[in-house]
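Engineer: Can you keep this structure in mind? I'll have questions shortly.
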Amino acid sequence: MRPVVSQIALEYRDIFGVAKLDVNLYPNKTAEYHIRATPTFILFYKGKTVTTMIGAMTIKSLVDRIHEGLMSVIQPPLTEEQTDTE
């Protein structure tokens, strides 16, 4: 998954950040986030877990899951019709 994660980190660098955690070096964090298998992907928004994804997947699947998670916490901008009060 390293090439997939690296590609996502590069392509979406202006939208979100990507971090990696070595589960062998940080067992306390591994336990804190309930990581039981690798790869485990955790999407955070404002310091809170939005979704956890476990297992290898295609880049499209991972990007789709990230998008779904972000859309669940981010309000889309109002359209012109929604802001028109007349």
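What follows is calculated from the coordinates using simple rules that are stated; it is not laboratory data. Just so we're clear, the structure is a prediction, and the values are computed from it rather than from any experiment. All Cβ positions, glycine included, derive from the backbone under ideal geometry; neighbour counts span all protein chains shown.
Engineer: Using only Cα atoms and rounding to the nearest 10 degrees, what angle (0 to 90) does helix 59-73 make with the longest principal axis of the chain?
Structural biologist: 60 degrees
Engineer: What is the distance, in nm, between label points placed 7 Å from the Cα along the Cα-to-Cβ direction at residue 12 and at residue 61?
Structural biologist: 1.6 nm
Engineer: Also, quick follow-up: Can you give me the relative contact order of the chain as a percent, contacts being Cα pairs under 8 Å and 6 or more apart?
Structural biologist: Reported as a whole number, the value is 23 percent.
Engineer: Could you check how many percent of all C-alpha pairs in the range 1-40 are farther apart than 12 Å?
Structural biologist: The answer is 63 percent, as a whole percent.
Engineer: Amide H of residue 50: which non-local residues (sequence gap of 5 or more, or other chain) have their own amide H closer than 5 Å, using H built in the peptide plane?
Structural biologist: Those qualifying (amide H under 5 Å, at least 5 residues apart or on another chain) are 43, 44, 45.
Engineer: Work out Dmax and Rg for the chain from the C-alpha atoms and quote the Rg first, both in angstrom.
Structural biologist: Values for the chain (Cα only, Rg and Dmax): 16.0, 60 Å.
Engineer: Compute the acute angle (0 to 90°) between the alpha-carbon long axis of helix 2-11 and the principal axis of greatest extent of the alpha-carbon atoms of the chain; round to the nearest 10°.
Structural biologist: For 2-11 against the chain, the angle is about 30 degrees.
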